[in-house]
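Below is one structure, written out as structure tokens; the observations come after it.
The values are calculated or read from the model by the stated rules, or taken from the named source; none is laboratory data. Because the structure is a prediction, the values reported are computed rather than measured. A quick note on method: Cβ atoms are made from the backbone with ideal geometry, for glycine too, and the neighbour counts reach across all protein chains shown. The accessibility values were calculated without ligands, DNA or RNA, using every heavy atom of the protein model including side chains. Shrake-Rupley method; radii C 1.70, N 1.55, O 1.52, S 1.80 Å.
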Amino acid sequence: MITAAQMRAARALLGIDQRTLADLAGVSLPTIQRMEASQGNVRGVVESLTRVVEALDLAGIELIGENASSHARGRGVRLKSPVETTRS
């Protein structure tokens with residue numbers, strides 16, 4: 001659904017800290033901290049995760065899944081797969 005890296009990037013784009021995201025989502029600060037400390041996909045209580053995703057959406061963040069296209073307007077960033085380069 002959302003990765004820890006996406007959560008951190010979303011906060012950075014919004015210019016908010018973990019406490020602000022917790023307030024916007026109606027969850028505790030330790031919940032956000034645990035979610036962001038996850039490896040890969042965020043794990044936790046589904047209701048809490050849903051609240052965070054909804055709060056990010058309301059704040060203007062579009063979460064883009066792996067290999068999904070974005071049809072929304074606005075600026076953003078996307079993490080692409082690393083490309084191997086060869087040096088001569």
When you go through (1) surrounded by fewer than 17 Cβ atoms within 10 Å (Cβ to Cβ); (2) modelled with pLDDT of 85 or more; (3) in a loop (DSSP other than H, G, I, E, B) one by one for H71, which number turns out not to apply?
(2)
Looking at the structure I just gave you, is V77 modelled with pLDDT of 85 or more and β-branched (V, I, T)?
no
The range 1-33, residues that are of a type outside the set (A, V, I, L, M) and buried (at least 17 other Cβ atoms within 10 Å of the Cβ):
T3, Q6, R11, Q18, T31
Which ones in the range 41-50 are open to solvent by 100 Å² or more (accessible area, probe 1.4 Å) and either in a helix (DSSP H, G or I) or touching a residue at least 24 places away in the same chain (Cβ under 8 Å) (or both)?
V46, E47
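A quick yes/no check of all residues on (1) in contact with a strand residue (DSSP E or B) (Cβ under 8 Å, 6 or more places away or on another chain); (2) touching a residue at least 24 places away in the same chain (Cβ under 8 Å); (3) outside any helix (DSSP H, G or I); (4) closer than 16 Å to A59 by Cα:
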{"residue": "M7", "(1), (2), (3), (4)": "no, yes, no, yes"}
{"residue": "R19", "(1), (2), (3), (4)": "no, no, no, yes"}
{"residue": "D23", "(1), (2), (3), (4)": "no, no, no, yes"}
{"residue": "P30", "(1), (2), (3), (4)": "no, no, no, no"}
{"residue": "R34", "(1), (2), (3), (4)": "no, no, no, no"}
{"residue": "Q39", "(1), (2), (3), (4)": "no, yes, yes, no"}
